[in-house]
Amino acid sequence: MFCEKCGNKLTADSKFCDSCGFSISDNSFSATSDLNHQNIEANKHNKKVLIIFFSVLAIFFIFIIYLDSSDNPTPKEEQINNPSIESLNSLDKQQSDRKAKQAKADAYENISAAVVNILCPYSNELFSIDSDGTGGSGTIIDASGLVVSNSHIIPQDQKNLNITEDGCFVILPDIKTGAPKEIYLAKPLVFNDLSDKYDLAFLTIYDVYTDENGQQYGKYPKELPVFDDTGLCKEEQIKLGESVRIIGYPISSGGYNLTITDGIVSSFSDDGLILTSAKIDQGNSGGLAIDKDGCMLGIPSSVSRGQYENLGVIIPASSMNDFIKEIEKILNQ
């Protein structure tokens, strides 16, 4: 309770104000009490109104923010819903790179399928796949079974071929593992002076090999895998330092499984041969040398031995083309 005149706080049993001496009556106390009660109730009501008002205002602002965020996505959402040109270009490039790699892998598989192992038993031996004989590698260049290889892998003297009437074995690889898969019989075609000049010869497949138990190692006649570098040759001239891949059957890896080695064009000899750092061993002779795109560089033929290092020797593809042209002239006479 407070004094009506000066506002001093009073006790419940006060008759006079201690501060100003004003007489305190019951009516004034009652009126003051009623007034205070009304003020308290009014304050409570006002607080409720304010709480409701600010709550509605807060909900309104939240709603406005939500609408704004829906119309204007965040940078992350914008990137997802509206990818930039750079992102699309990056995805296109990744897809193109994957396709190019797959195409290159498929091309190498097709190339490898056409590189064959050759074994020619001597004429004084039993014609058997287990015979010693001589051999090397070769490349099928026609689906009917025409194989190009080095002349020196075929047993011969200056006048005659030292092989049996059955000829030689031509062994095709499993393109996934390089292991022997199919075996065929082939007749060598050696052109005396020309084969000596270019160290090149052909073999023609004429039948499938059947062992003593009657098991056939393939099917013939059939369309055989062919090396074809059409569309793969990007450069007209072989350049020093460019990549070289040698495909064949070197004895360093057993002589039976297809083996691939890599290197570069290290040099060119005075007689037009290509020298390479790619490993070439006995058994590689007659195989295939290609560039990074799968274009034929030539035919591996031998090793140039140095005092500390060796280089592989490749007969260039241009020499093979010259060899074929000279044979055609002879056949057309």
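The values are calculated or read from the model by the stated rules, or taken from the named source; none is laboratory data. Owing to the predicted nature of the structure, the values given are computational and were not obtained by experimental measurement. Quick reminder, even Gly has a Cβ in these numbers, built from the backbone with ideal geometry, and neighbours come from all protein chains shown.
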Item to complete: Scan the range 221-229 and give yes if some residue there is surrounded by fewer than 20 Cβ atoms within 10 Å (Cβ to Cβ), touching a Cys at 6+ places or on another chain (Cβ under 7 Å) and either in contact (Cβ under 8 Å) with a residue 12 or more places away in the chain or β-branched (Val, Ile, Thr) (or both), otherwise no.
Response: yes
Item to complete: Kindly indicate whether any position in the range 319-330 is touching a residue at least 12 places away in the same chain (Cβ under 8 Å), more than 26 Å from Glu182 (Cα to Cα), hydroxyl-bearing (Ser, Thr, Tyr) and in contact with a Ser or Thr (Cβ under 6 Å, 6 or more places away or on another chain).
Response: no
Fill in: Candidates Tyr249, Tyr198, filtered to the one that is in contact with a helix residue (DSSP H, G or I) (Cβ under 6 Å, 6 or more places away or on another chain), buried (at least 19 other Cβ atoms within 10 Å of the Cβ) and modelled with pLDDT of 95 or more
Tyr198
Practice prompt. Please work out which one of (1) more than 25 Å from Gly231 (Cα to Cα); (2) within 25 Å of the chain's Cα centre (by Cα); (3) not polar (S, T, N, Q) is the condition Asp271 fails and give its number.
Written response: (2)
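Table: residues versus (1) part of a strand (DSSP E or B); (2) under 25 Å from Ser195 (Cα atoms).
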residue: Leu240; (1), (2): no, no
residue: Ile246; (1), (2): yes, yes
residue: Tyr256; (1), (2): no, no
residue: Ala289; (1), (2): yes, yes
residue: Gly298; (1), (2): yes, yes
residue: Ser301; (1), (2): yes, yes
residue: Gly312; (1), (2): yes, yes
residue: Ile315; (1), (2): yes, yes
residue: Lys325; (1), (2): no, yes
Worksheet item: Quick one: what pairs do we get from the range 117-132, first residue in contact (Cβ under 8 Å) with a residue 24 or more places away in the chain, second in a loop (DSSP other than H, G, I, E, B) and of a type in the set (A, V, I, L, M), C-beta under 8 Å, 6+ apart or different chains?
Response: Asn117/Leu258; Leu119/Ile129; Cys120/Ile154
Practice prompt. Scan the range 201-220 residue by residue and report those that are among the polar types (S, T, N, Q), free of Cβ contacts under 8 Å to residues at least 40 places away in the same chain and surrounded by 15 or more Cβ atoms within 10 Å (Cβ to Cβ).
Written response: none
